[in-house]
Amino acid sequence: MNSQNSSGPPQQAGLCPKCHQALQSSKNVKLGLITDLCSVCQGFWIDHSDLKRLPLLHFNLGFLDKANLCEVSEVTAEQGVCPHCTAKLTSAKTTAKSIVFEFCQTCKGIWLDSGELQKIQTP
């Protein structure tokens, strides 16, 4: 859903899995890539292809070692569907930092609520 086109208005993405508002693709300066941002709750979606370009984030979320995840559970449709492929999101909690985040088992993207990126990137 991300658009690498930097000219013109932001491209329309899917809907926010939290507040169901339209997401807008925009440059995330902290990550150095395009993410799908919710202007209401400030959460954002990172596609799997972009996630692989962020090894520290990828590692801290436990994707390199499934043993780093605990309390993995499916999220109800009311709580969130993937803004990329509309599959139900799965909620997971990292064991190291106890950060809860949502990811899509189908397209492998992740949803981060406002403030979760800072928690993940903090040593």
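Structure summary
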read-out: Residue count for the range 97-113, restricted to those that are assigned to a loop (DSSP other than H, G, I, E, B) and at pLDDT 85 or above; value: 5
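Yes/no per residue for (1) within 14 Å of the chain's Cα centre (by Cα); (2) modelled with pLDDT of 80 or more; (3) under 18 Å from residue 114 (Cβ atoms); (4) not hydroxyl-bearing (Ser, Thr, Tyr):
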{"position": "8", "(1), (2), (3), (4)": "no, no, no, yes"}
{"position": "14", "(1), (2), (3), (4)": "yes, yes, yes, yes"}
{"position": "23", "(1), (2), (3), (4)": "yes, yes, yes, yes"}
{"position": "42", "(1), (2), (3), (4)": "yes, yes, yes, yes"}
{"position": "50", "(1), (2), (3), (4)": "yes, yes, no, yes"}
{"position": "65", "(1), (2), (3), (4)": "no, no, no, yes"}
{"position": "69", "(1), (2), (3), (4)": "no, no, no, yes"}
{"position": "73", "(1), (2), (3), (4)": "no, no, no, no"}
{"position": "80", "(1), (2), (3), (4)": "yes, yes, yes, yes"}
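The values are calculated or read from the model by the stated rules, or taken from the named source; none is laboratory data. These figures come from a predicted structure and were not determined experimentally. We place every Cβ from the backbone using ideal geometry, glycine too, and count neighbours over all the protein chains shown.
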